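A short worksheet on the structure shown next.
The values are calculated or read from the model by the stated rules, or taken from the named source; none is laboratory data. Source: prediction; values computed, not measured. The protein model used for the area step is the full one, side chains on, heavy atoms only, and it has no ligands, DNA or RNA in it. Shrake-Rupley method; radii C 1.70, N 1.55, O 1.52, S 1.80 Å.
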Amino acid sequence: MDPYLEAHWSDVHTRLATYISDQLNRRLPKPLAARVEERVGIVLENPPGGRERGYFPDVRVAEKAGGRKGKGGGTATLDVIETAEPMVLSRTQPERRTQRSIKVIDAADGDRLVTAIEILSPWNKVGRAGRADYVKKQRDLLRGGASLVEIDLIRAGRHVLAVPAARVPRGHRTAYRVFVVRAWAAEQAEYYPIPLRGPLPAIRVPLRESDPDAALDIRAVVAQAHELGRYEDTTDYNRPPEPPLTADDAAWAEELVKKTAGA
């Protein structure tokens, strides 16, 4: 996994959703179909209380208007009343973030949702409002009887996946991860650990209980996004990525960049 992709995640996320849907549709049995779903959420730049601020790449920053100074004239015969200077507040709407996920539907059963595939983004993991919104969606999907696949290729933010981080044995906690919860066995989850330096896996996507799993090659879709997004042309690999890597991973990344530059 290229840790620098987080800086371009709005674009990466859109590409991954499309490429995953394309790959699955070549493998799904009829009448199942994969669809990219768009969901518009509200991103609050300054949540009430000001105790937490989210990190959202490429977000619009709105500047608060200041009060306009100056005195007006008049001919009133009563005593002049000095009015307080008001604070002028912006009435513009908060930034709306389009979030994309993949849903596998059963066209023979009224487009019933069979499996939801969520690709985690920084706005799902950083900031209280974004985390709460994602966790609500997560719970609604599982309570609705759908299987859930969560693909977390983001190092920033807190753990919000369907299985608490503490349930993962300490020696198997990795920078990236995938969790799969099957609708008919929701009391357990399948875990795919993905270390930064390891290969991205192909995972098993559950469909209907009577169907064999569909294979999803995450390495292939990330490689496709990396190539067609031309991120190598717009990324400064001489600077450390955000969030920062550990000392060992940073040394590994630096050596890899040198090898790639010399190839």
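On average, how much accessible surface per residue is there in region 157-223, in Å², for a 1.4 Å probe, leaving out ligands, DNA and RNA? Present the calculation step by step, with values, prior to reporting the outcome.
Numbers: 3550 Å² over 67 residues.
Averaged over the residues of region 157-223, the accessible area is 53 Å².
Over 24 Å between Cα atoms, which of LYS103/LYS136; LYS103/LYS125; LYS125/LYS259; LYS30/LYS125 qualify? Could you put the intermediate results ahead of the total?
Values: LYS103/LYS136 17 Å; LYS103/LYS125 21 Å; LYS125/LYS259 33 Å; LYS30/LYS125 35 Å.
Listed pairs above 24 Å: LYS125/LYS259; LYS30/LYS125.
Carbon and sulfur: what percent of region 111-171's accessible surface (1.4 Å probe)? Please report the intermediate quantities before stating the final value.
Values: 1310 of 2640 Å².
Ligands and nucleic acids excluded, carbon and sulfur give 50 percent.
Tell me which residues come under 5 Å, amide H to amide H, from ASP111 once H is placed; ignore anything under 5 positions away on its chain.
Correct list: ASP106.
Under the Karplus relation 6.51 cos²θ - 1.76 cosθ + 1.60, θ = phi - 60°, what is the ordered set of whole-Hz ³J(HN,Hα) values for region 101-117, x standing for Gly and Pro?
Values, residue by residue: 9, 10, 10, 9, 10, 9, 5, 7, 10, x, 6, 4, 6, 9, 9, 10, 10 Hz.
What's the carbon and sulfur percent of region 172-263's accessible surface, probe 1.4 angstrom, rounded to a whole number? Provide the component values of the computation, followed by the final result.
Values: 2860 of 5610 Å².
Carbon plus sulfur share of accessible area: 51 percent.
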